[in-house]
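First up is the structure itself, then whatever we jot down about it.
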Amino acid sequence: MGDWTKRFGLKGKHALVTGASKGIGLETAKVLADAGADIAAVGRDREGLAEVKAAVEAMGRRCVAISADMATADGPVKAAHDALAYFGAIDILVNNAGIALIDRLEDARVADWDATMAVNLRAPFLLARELVPGMIERKGGKIINVSSQAGVVGLEGHAAYCASKGGLNMLTKVMTVEWAKHNIQINTVCPTVILTPMGEQVWGQPEKGDPMKAKIPGGRFGRPMEVADAILFLASSASDMICGHDLLVDGGYTAI
């Protein structure tokens, strides 16, 4: 059967993780580093980036902290170029950065809609476009797009967020159709509410959070590590036959 740790190991790989300064991104950077990968940690919070850099380097891995704003058209391109300049190649792209600006449709602002689409949908497209040529040249790579259960079902007050995540799921499928032939596996993880700073902000009030939690058969919200572990699987060779898939990390929310 061989050594299962080799199938999940990432020794010699270089991973770029956006939104790496906190929450799911921070845990993902640490989990991938623990599996052997060097990390390009991208974010806006310089203190958070310093934390993840220290954590990764404490594991004996290399880490470059890249300050870039995924809401701009230049930020994702800069992040990709800086990571390539430091490591020479990126084997794993984790598009994790995301925002959720909550409002009912009739009250939604165009600026909020545009900002949500920029971070949640345009940035993953731009990063993949910059990094995939190198993956094609090296005949392999992994792209994990962090989506949401909101990309699968509609949530009241989440029009822009749901639309952006649904778009990300479909972008993942088009990436698969175009790039799987180059041995690049592209998948999404679709979490339920995760207890990150953003999750706490949106769902932290009992009057809003409790009804959502009651809809989850597992009976609780998720933890960042649980999403990071799913990302590790999709980043590893253990998932080489999985492509164009939406992996639901939702405690069963979408099963009912």
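Points worth noting:
- Residue count, the stretch 94-152 (criterion: surrounded by fewer than 23 Cβ atoms within 10 Å (Cβ to Cβ), basic (Lys, Arg) and in contact (Cβ under 8 Å) with a residue 24 or more places away in the chain): 4
- Meets criteria (without any contact (Cβ under 8 Å) to a residue 24 or more places away in the chain, over 16 Å from the mean Cα position of the chain (by Cα) and either under 18 Å from Leu131 (Cβ atoms) or surrounded by 19 or more Cβ atoms within 10 Å (Cβ to Cβ) (or both)) for Ala65: no
- Filtered by the rule that a residue be within 16 Å of Ile92 (Cβ to Cβ) and part of a helix (DSSP H, G or I), the stretch 134-168 gives Gly134, Met135, Ile136, Glu137, Arg138.
- Output for the stretch 79-133, where each listed residue is polar (S, T, N, Q) and either in a helix (DSSP H, G or I) or at positive phi (or both): Thr116, Asn120
- Residue list for the stretch 1-22, restricted to those being closer than 15 Å to Gly98 by Cβ and buried (at least 23 other Cβ atoms within 10 Å of the Cβ): Val17, Thr18, Gly19, Ala20, Ser21
- Looking only at residues of the stretch 202-240 that are farther than 29 Å from Asp3 by Cβ, out of contact with any strand residue (DSSP E or B) (no Cβ under 7 Å at 6 or more places or on another chain) and touching a residue at least 24 places away in the same chain (Cβ under 8 Å), we find that the one that is surrounded by the fewest Cβ atoms within 10 Å (Cβ to Cβ) is Gly219.
- Each residue in the stretch 185-200 was checked for being free of Cβ contacts under 8 Å to residues at least 60 places away in the same chain, over 20 Å from Ile92 (Cα atoms) and not charged (D, E, K, R), and 2 of them qualify.
Here, each number is a calculation from the coordinates, and none is a lab measurement. This structure is a prediction, so every number in the text was calculated from the model and none was measured. Cβ atoms come from the backbone with ideal geometry, glycine included; neighbour counts cover every protein chain shown.
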